[in-house]
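Data first, discussion second: the structure below is written as structure tokens.
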Amino acid sequence: MNGRTRAVLPAVFAVSGCAALIYEVVWFQLLSLRLGASATSLGVLVATYLGGLCLGALLLPRFAALDRHPLRVYAALEVGVGLLGLGVLYAAPLLGGAYLSWTSGGAAGSALRLVVAATVLLPSTLLLGATLPAVASVARASRGGAAWLGLLYAANTAGAVLGALLAGFYLLRVHDVSVATFVAVALSFGAAAAAAALAAGERAAPAEAPAPAPVPARTSPAIYAVTALSGFTALTAEVVWTRQLSLLIGSTVYAFALILAVFLAGLAGGAAAGSAFGRRLDPRTALAWCQWLLCPAIAWAAYAIARSLPYWPLDVTIATPPGVALQLDVLRTAWAMLPATLLWGASFPLALAAAGAPNGDTRHAVGRLYAANTAGAIAGALLTTFVLVVALGSRTTAQLAIAAAAAAGLLLLVGTRRPRRPSARAAVLAAAVAAALGLAYVVPPLPPQLVAYGRFMPTRGKNANVVYVGEGLTASIAVTREPSGLLTYHNQGKTQASTYPQDLRLQRMLGHLATLVPETPRSVLVIALGAGVTAGAVSIDPAVERVVVAELEPLVPHVAAEYFAEANFGVVTNPKVEIRIDDGRHVLAASHEKFDAITSDPLDPWVKGAAALYTREFWELCKSRLNDGGVVTVFLQLYESTSDAVKSEIATFFDAFPNGALFANTVNGQGYDAVLVARADGRPIDVAQIARRLDTAAYAPVAESLREIRFESALDLLATYAANARDLRGWLANAEINTDANLRLQYLAGEGLNLYREGEIYSDLLGQGSAFPDDLFTGTPVQLETLRQRFNARR
């Protein structure tokens, strides 16, 4: 290897790492739209992605001849990754459609998800996993060679930091998955071209005289075990920290990109340091102490997240420039995560140096170590997501991670050569074990108020009466009770439903409009259970015979039944209600059943993934699943949002339902939130028919439910009408349409995370209309005139 190769190849690997993270973000977005955003689907995607990396690292030495120039092999791999990246972009929608046409629930459905994910991801990830082993034979089987390979690993991870930021903050925010993929493909092809040029230069350069180096005959199995444990603890902690830190900084797409970038930056910095120190220190001993030091580092992160960061005196409702808010989020994330991530980053190059290369073939050693590390990461991600946090909680999970790190250190230190004073060695080991146990014991639990109020804890959560806390598959859930008896349902640090008048009114409006507008609402799909108020409003309509509720989090039905049964009319135990634990979009796409009404009350649009329930393709799917005369209703958030985000939601809905309308839920006449309503066939809303129903004895529970939210009649409910597509045409002229390809809404809404401009947005929206729409309602002349007068008076 000549000097130019040694100097340039780290930069090539950085470019490759940048492309790899862009691919990962794009692929997960493409496939989660097809397979569903449930914990099962995401677990399958993570396992498939990491599994491909693991297999690629193991298989490369078996299929690439040792006499082939390693840089040419690497160039071919990068070209393959680029071509397959293009293939995934165009094949994922087709495979997703094939999957949905054959899908089923339970174990069979999960197996089919795995088949589809493997079909799409494995070819590309196999090649990605093979890139580091491919160039391993360029390095000598020595500490210096291992240090240089560690530098390549560091450069690749540093490039991944850039890729995470580029994808999360620019490519997908400004463009879409196609543009992001094309950028990643260009980077892959650029890395391939650079590697090919380096190979050509090496062939023309004088051959280097091989320098003898001490090569171990056999790599200790302990090195592989410790490397796997290091991967396990790293992904275990990442899953836990991502959940916990998103409570503090919000579950936006920006927050997830930032957390991932800080995590990878720590790995990159640690890997660079490990490569440097691997030349000077005994790598086996250094690796052992890296694992031991992870014990206090993991304990520190737990302390910082539970006892330090939530109590910083920050009021997120005070207007803060986005750049300042971003710096603060980076600081808080790094404050907790960096110590441990630096140690995990240093562990891999130290393991390379400690393993050596039996028979001089560094490819096998690098491939096996990389595979061991990735296999541990797979186990950590899946066990933490599906078992540890759900069954034991995040505190116990962090304690187990500390124990695993201590075990890794002990495994290496016990196997080292005995010193002259075995009693001193035993004392040191005993002290280290005792310290690890002590650190695990003092790991603090999350404050219940943090789970409930998240980033609002310093201002709203200090004295909150939290009556329930649960950590589930997809989120942490909490319930708070006021002295007055009012209850609030919190999901991942954010109030999502409550029995406060303004929230109760919106939730019941969604359900009652969905069943009162259609003539025969026999079957209804409710997307998102939450506190169950919307589903409950649907269930008490006497015409409704069947209600299907789609809910992502398995904890939610228990919470809705235990704490909100009075407000939701006991919907969870209602015999005509079926609750499916799955992504609502996936339920709708996979079942070919049609409904008379579909009502959707998902998480706030700025929550990562929620924008998939507001895309043009989703609304077209809803339209195709509605019976004749069917109705769709959806929550429209005005608070904690921006004008651009609200415009995007409305314009996208009206793009699919041009005859739709907006009904406002106001507080003292000021904007708060709203409901979008549309009929698949564009029929007008029959006011007289709704009024006649509410006057019958059978509809007495529905009428009483409306009175509880200050609607004494059908006219009161329908008088909340505020605007339709025709009124808002000019206002929406430059609105960005939210599609599956861009999920633009999550980026627009994320910019309004801590903004409260609902009054301004509602006033602007209300000022667009000019006249009461004669074609939206039908009824008696008196009813229509009453609605017209109320509409004009509000304006």
Please list the non-local residues whose amide H lies under 5 Å from the amide H of R580, H modeled 1.01 Å from N, same-chain partners needing a gap of 5 or more.
V549, A550, E551
Let me check I've understood the local charge: for R173, count other residues with C-beta under 14 angstrom from its C-beta, Lys and Arg +1, Asp and Glu -1. What total comes out?
-2
In the stretch 690-795, which GluC sites (Glu not before Pro) are in a loop and have at most 15 other Cβ atoms within 10 Å, using DSSP for the loop call?
E712
HN-Hα couplings for the stretch 163-179 via Karplus (6.51, -1.76, 1.60; θ = phi - 60°), in whole Hz with x for Gly/Pro, come out as x, 4, 5, 5, 5, x, 10, 9, 4, 7, 6, 9, 10, 7, 5, 5, 4
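Considering only Cα-Cα distances, which of the following residue pairs are longer than 26 Å: K494/K594; K576/K608; K576/K647; K594/K647; K623/K647?
The answer is K494/K594; K576/K608; K576/K647; K594/K647.
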Mean Cβ count within 10 Å, highest first, over the residues of peptides 761-768, 427-434:
761-768, 427-434
Net charge near D601 (other residues with Cβ under 15 Å of its Cβ; Lys, Arg +1; Asp, Glu -1) is -3
If the cut-off is a Cα-Cα distance under 15 Å, which aspartates and glutamates reach K462, setting aside same-chain residues fewer than 8 apart in sequence?
D315, E482
Which value, in Å² and to the nearest 10, is the accessible area of W300 when all protein chains are kept and the probe is 1.4 Å?
80
Gyration tensor verdict on the stretch 716-784 (Cα atoms; rounded if a/c is under 1.5, prolate if a/b is larger than b/c, oblate otherwise)
prolate
Interchain or long-range residues, amide H under 5 Å from F595's placed H:
L626, N627
Go through the stretch 723-737 residue by residue and turn each phi into a ³J(HN,Hα) via Karplus (6.51, -1.76, 1.60, θ = phi - 60°); whole Hz please, and just put x for glycine and proline.
6, 10, 4, 5, 4, 9, 4, x, 5, 9, 4, 9, 5, 8, 6
Accessible surface of the chain [probe 1.4 Å, protein heavy atoms]: carbon and sulfur percent
61
Positive-end extreme of charge dipole, the chain - chosen from I305, S498, S705 (charges on Cβ):
I305
Amide proton proximity set for A497, modelled H, under 5 Å, gap of 5+:
Y489
Peptide ranges 530-541, 117-128 listed from the most packed, as the mean C-beta count within 10 angstrom indicates:
530-541, 117-128
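Take peptides 617-623, 573-579 and line them up by average Cβ neighbours within 10 Å, highest first, as a rough protection proxy.
Top to bottom by mean Cβ count within 10 Å: 617-623, 573-579.
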Note on the stretch 535-613: alpha-carbon gyration tensor, axes a ≥ b ≥ c; rule is a/c under 1.5 for rounded, else prolate if a/b larger than b/c, else oblate; result oblate
Just to verify a number: what accessible area does H592 come out at with the full protein assembly present, 1.4 Å probe, Å² rounded to tens?
120
Could you state the number of Å between the C-alpha centres of the stretch 629-656 and the stretch 151-200?
35
For every other residue with a beta carbon closer than 12 angstrom to the beta carbon of Q670, add +1 if it is Lys or Arg and -1 if Asp or Glu, then tell me the sum.
-1
Quick one: divide the alpha-carbon radius of gyration of the stretch 464-522 by 2.2 N^0.38 Å and tell me what you get.
1.43
Shape of the stretch 144-191, Cα gyration tensor, a/c cut at 1.5
oblate
Once all protein chains are kept in place, Y303 shows an accessible area at probe 1.4 Å, nearest 10 Å², of 110
In whole Hz, with x marking every Gly and Pro, tabulate ³J(HN,Hα) for the stretch 224-231 from phi via Karplus 6.51 cos²θ - 1.76 cosθ + 1.60, θ = phi - 60°.
5, 5, 5, 4, 5, 4, 5, x
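The values are calculated or read from the model by the stated rules, or taken from the named source; none is laboratory data. Computed from a prediction, not measured in an experiment: that's the story for all the values here. Note that each Cβ is placed from the backbone with ideal geometry, even for glycine, and that neighbours are counted across all protein chains shown. The protein model used for the area step is the full one, side chains on, heavy atoms only, and it has no ligands, DNA or RNA in it. Shrake-Rupley method; radii C 1.70, N 1.55, O 1.52, S 1.80 Å.
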